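I have placed the structure first, in the form of structure tokens, so that the comments after it can refer back to it.
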Amino acid sequence: MGQARRGRPRKAGARNAKGRLILLPDRGNIRVQARHAAFTRFQGGRADQQVVDQIGRVWAAGLLDGFEQDSAILRDIGRRYGGLYWHEFAALAPKTGQLERRDRGTASGASWHDNPGEYFARLDLLARDSGREAVAAMHGLCVDGWWFPDTNAPWIERLINSAIRDAGGHPLGELATAADRVRMAGAASCLAAMVDGRMERQGHTSR
């Protein structure tokens with residue numbers, strides 16, 4: 001007489017009163033969870049949806065505060081500029097794979113103006129009124145890391161580390177220098193110039 005087969009092993013995990021597994025939300029891999037934990041101290045704990053790219057993490061850490069424009073508006077115009085830049089200069093994009101490039105472009109493309117080339121030229125002209133060094137800093141924040149959203153530039157990493165320390169956390173890396181703070185101020189001045197110019201244009205158009 002053959003031996004009876006064992007049934008499927010019971011899955012581990014918490015269960016409800018009816019014995020069914022309680023499905024827990026997917027919180028991502030260890031790196032994603034660590035990043036989430038680092039930013040829970042900022043923005044009233046509501047920054048987790050915005051830390052998916054460099055400028056989002058800068059915003060979450062409060063590094064766009066105090067520049068005479070709402071920090072969320074500065075964040076959004078920076079993301080838009082980055083997306084428009086790589087739409088305009090797609091041939092210069094790093095070789096990260098066609099699918100990834102298409103996905104990153106589509107994510108921001110949904111909210112672009114009908115004429116992205118014209119829109120980019122207008123924003124770029126407004127930004128350049130802030131000076132060459134400020135534009136370079138803004139590119140470091142919004143453009144250079146566009147294709148590698150999980151990575152921070154070293155100077156931005158140091159600024160975020162200092163923000164974490166100032167908020168009572170324990171950063172693992174180096175802290176910001178005075179030059180890093182000057183660089184961020186320059187980048188923010190560019191973003192503010194784009195916001196101001198766009199608002200001024202909209203005001204003239206509505207008259």
Cut-off 12 Å between beta-carbons: net charge of the residues surrounding GLN43, Lys and Arg +1, Asp and Glu -1: +2
Computed FRET value (nearest 0.05) for GLU133 with ASP166, which takes r as the C-beta separation and R₀ as 41 Å: 0.95
Stretch gain in nm, segment ARG181-ASP144, where the contour uses 0.36 nm per residue and the Cα spacing is subtracted: 11.5 nm
Gain upon complete extension [ASP196, GLU174; 0.36 nm per residue less C-alpha separation]: 4.5 nm
Accessible area (Å², 1.4 Å probe, nearest 10) - HIS36: 80 Å²
In Å², nearest 10: area of PHE39 left accessible to a 1.4 Å probe: 20 Å²
Ordering of 169-179, 184-194 by burial proxy (mean other Cβ atoms within 10 Å per residue, highest first): 184-194, 169-179
Heavy atoms of VAL52: accessible area, 1.4 Å probe, square angstrom to 10: 80 Å²
Separation of the ALA153 and ASP65 label points, Cα + 7 Å toward Cβ, nm: 2.3 nm
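The values are calculated or read from the model by the stated rules, or taken from the named source; none is laboratory data. Keep in mind it's a predicted model, so treat the numbers as computed, not measured. All Cβ positions, even for glycine, are placed from backbone atoms using ideal geometry, and neighbour counts span all protein chains on display. Heads up: the accessible areas ignore ligands, DNA and RNA and are worked out on the full protein's heavy atoms, side chains in. Shrake-Rupley method; radii C 1.70, N 1.55, O 1.52, S 1.80 Å.
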